[in-house]
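In what follows, a single structure is set out as structure tokens and then discussed.
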Amino acid sequence: MIQNVQGSRKLRGTVELPPDKSISHRSAMFAAIAEGESRIENYSDAADPQSTLSCLKQLGVQVESSDGYVRIQGVGRNGLQNPEQDLDCGNSGTTMRLLSGILSGAGVKCRLTGDESLSKRTMKRIITPLNSMGAKIEGRDGEYAPLQIERGEGIRGIRYPLPIASAQLKSAVLLAGLFADKETEIIETVPSRDHTERLLRLPVEVSGNTTFIRSNRNHPLPRQNYRIPGDFSAAAFWLVAGSIHPDAEIVLEDMGLNPSRTAALQILQQMGADIEIAVKEDQFDEPMGTVTVRSSGLRAVKLDPSLIPNCIDELPILMVAMCFAEGRSEITGASELRHKETDRLHAMERLLSAAGEKFEMRADGIVIQGQGSHIPENTVYDSEHDHRIAMSAAVMALMADGVSKIEHAECTAISYPGFWSDLDRLTR
Ligand code: S3P
């Protein structure tokens with residue numbers, strides 16, 4: 001699908017954000033291996049979290065959706081069944097990596113597949129530690145999906161310094177650790193998002209940069225109720241659009257405010273963005289609040305590389321913000337962007353070139369000379385089927401005088417199915 005985006009004179013209104021994708025995946029997986037019924041309020045209807053639900057159903061888990069809740073009948077840690085067919089993870093790296101941790105721990109024999117993009121992303125980062133814990137996982141050419149999981153000899157707890165700052169990797173090892181004979185210890189040099197630690201609650205302890213998961217394979221995981229906050233990574237498109245647009249005020253309701261996810265807020269504020277935050281009472285495991293963003297003049301920023309894991313999904317849209325900031329901005333230490341749904345550094349190189357921006361792409365980042373100037377109309381942006389690139393292009397297109405086109409725009413449904421209608425409402 002090609003989406004036309006008209007440069008807009010105003011950007012005003014309230015947005016009901018899509019439910020958080022990372023938290024949705026985890027709540028469903030943890031509910032599936034708990035004992036008894038868990039209820040999830042505001043589960044995401046985006047394609048990725050739906051891939052997780054359909055894999056869980058194939059593993060013999062009863063999942064029912066009604067009245068804004070997903071109800072999951074937990075089968076217990078050892079109750080997952082060998083599926084009759086391949087588990088299709090679609091476009092979702094979180095589904096494939098986290099489920100691999102659980103399934104190898106539970107000794108489920110299965111094959112995990114993915115779409116063209118997911119089949120090109122390396123899984124070696126999880127295969128290596130999981131196999132060293134006693135799992136039996138093999139990938140195509142040693143590292144790609146399809147992944148074949150066989151029943152191993154049982155899982156051993158390990159002490160694992162994370163070689164990559166990745167919450168998906170950390171979570172895969174932690175989840176396999178739930179099934180281990182002794183404690184598993186993970187050491188992070190740069191902390192990544194901590195949804196797994198928060199949502200699992202019981203068996204996890206965090207001390208400084210080390211996370212311990214106790215061996216408790218003989219203790220059941222209790223059922224829990226979850227409420228999913230609005231997705232911060234989706235909100236980031238509006239935070240940037242509202243900041244750079246000359247006539248904007250956007251209210252973002254029930255936005256997730258977990259500090260291990262919200263570095264982009266801090267960065268935008270450092271750039272001079274006008275953002276007001278009203279934190280709601282923290283009733284469940286994840287903080288949330290209402291956030292209002294208004295037009296402001298942005299200044300350039302040099303990103304602190306230790307913040308990268310806490311804004312990894314927001315880097316493409318932060319690059320758009322940098323194009324409108326006064327001065328020279330710089331991102332370094334972001335080579336992980338090359339391993340996302342697309343090589344996002346390469347995809348942004350194409351996007352920024354199409355928009356006529358002044359920048360220099362590096363192996364692990366970018367330098368952008370902010371112009372804050374006129375964005376050409378009649379530009380065609382290729383999203384390369386990557387949801388975050390499509391939405392970044394849309395924000396860029398809002399700043400043009402005329403109409404721009406965004407190719408393969410349907411990919412926004414991976415994380416934000418209502419994106420185009422929210423955009424339309426805010427500009428009308
Ligand atoms: C995610 C972690 C991040 C992020 C992805 C979701 C998660 O990946 O890019 O969109 O839910 O844990 P990495 O942990 O591999 O960086």
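The values are calculated or read from the model by the stated rules, or taken from the named source; none is laboratory data. Everything numeric in this text was worked out from a predicted model, so none of it was measured. Every residue, glycine among them, receives a Cβ derived from its backbone with ideal geometry; neighbour counts consider all protein chains shown. Remember, those area values only see protein heavy atoms, side chains included, never the ligands or the DNA or RNA. Shrake-Rupley method; radii C 1.70, N 1.55, O 1.52, S 1.80 Å.
Let me confirm something: among G7, G13, G114, G68, which residue is surrounded by 15 or more Cβ atoms within 10 Å (Cβ to Cβ) and either outside the structural domain of W420 (by TED's automatic domain parsing) or of a type in the set (S, T, Y) (or both)?
Selected residue: G114, the only one of G7, G13, G114, G68 that is surrounded by 15 or more Cβ atoms within 10 Å (Cβ to Cβ) and either outside the structural domain of W420 (by TED's automatic domain parsing) or of a type in the set (S, T, Y) (or both).
Assess whether R294 counts as being open to solvent by 60 Å² or more (accessible area, probe 1.4 Å), in contact (Cβ under 8 Å) with a residue 40 or more places away in the chain and in the same structural domain as D364 (by TED's automatic domain parsing). Before the answer, list the steps.
Values: open to solvent by 60 Å² or more (accessible area, probe 1.4 Å): yes; in contact (Cβ under 8 Å) with a residue 40 or more places away in the chain: yes; in the same structural domain as D364 (by TED's automatic domain parsing): yes.
So R294 passes the test.
Assess whether L199 counts as being under 10 Å from F212 (Cα atoms), open to solvent by less than 40 Å² (accessible area, probe 1.4 Å) and within 16 Å of the ligand (Cβ to nearest atom).
no
Inside the range 1-109, counting only strands (runs of 3 or more DSSP E) that do not spill past its ends, which hold 1 or more residues that are away from the ligand (no atom under 16 Å from the Cβ) and either closer than 30 Å to A393 by Cβ or in contact (Cβ under 8 Å) with a residue 60 or more places away in the chain (or both)?
Values: elements: 3-6, 11-16, 35-41, 62-66, 69-75.
Per the criteria, 3-6, 11-16, 35-41, 69-75.
So, L162, is that one buried (at least 20 other Cβ atoms within 10 Å of the Cβ) and under 21 Å from L221 (Cβ atoms) or not? Reasoning before the result, please.
Details: buried (at least 20 other Cβ atoms within 10 Å of the Cβ): yes; under 21 Å from L221 (Cβ atoms): no.
So L162 does not fit the description; no.
Might you check whether a residue that is farther than 18 Å from R193 by Cα, open to solvent by 20 Å² or more (accessible area, probe 1.4 Å) and outside any strand (DSSP E or B) occurs anywhere in the range 248-264? Write out each step before concluding.
Step one: of the range 248-264, the residues farther than 18 Å from R193 by Cα are 248-254.
With the extra rule that they be open to solvent by 20 Å² or more (accessible area, probe 1.4 Å), the set shrinks to 249, 251, 253-254.
Next cut, outside any strand (DSSP E or B) only: none.
No, the range 248-264 contains no residue that is farther than 18 Å from R193 by Cα, open to solvent by 20 Å² or more (accessible area, probe 1.4 Å) and outside any strand (DSSP E or B).
Looking at A167, A172, A236, A241, which is the one that is within 16 Å of the ligand (Cβ to nearest atom), under 23 Å from the mean Cα position of the chain (by Cα) and closer than 30 Å to R428 by Cα?
On the way: A167 fails: closer than 30 Å to R428 by Cα; A172 fails: closer than 30 Å to R428 by Cα; A241 fails: within 16 Å of the ligand (Cβ to nearest atom).
A236 is the lone residue from the list that is within 16 Å of the ligand (Cβ to nearest atom), under 23 Å from the mean Cα position of the chain (by Cα) and closer than 30 Å to R428 by Cα.
Taking the residues in the range 208-237 that are among the hydrophobic types (A, V, I, L, M, F, W, C) and part of a loop (DSSP other than H, G, I, E, B) as candidates, determine which candidate is surrounded by the most Cβ atoms within 10 Å (Cβ to Cβ).
Per the criteria, the residue is I228.
Conditions tested, residue by residue: (1) among the charged types (D, E, K, R); (2) closer than 28 Å to S392 by Cβ.
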residue	(1), (2)
P191	no, yes
H195	no, yes
P203	no, no
L239	no, yes
S243	no, yes
E253	yes, yes
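Among the residues of the range 79-98, are any surrounded by fewer than 22 Cβ atoms within 10 Å (Cβ to Cβ) and of a type in the set (A, V, I, L, M, F, W, C)?
Within the range 79-98, none of the residues are surrounded by fewer than 22 Cβ atoms within 10 Å (Cβ to Cβ) and of a type in the set (A, V, I, L, M, F, W, C).
Please go through (1) within 30 Å of T262 (Cα to Cα); (2) within 16 Å of the ligand (Cβ to nearest atom); (3) open to solvent by 10 Å² or more (accessible area, probe 1.4 Å) for E143 and return the number of the only condition it doesn't satisfy.
(1) is the only condition that E143 fails.
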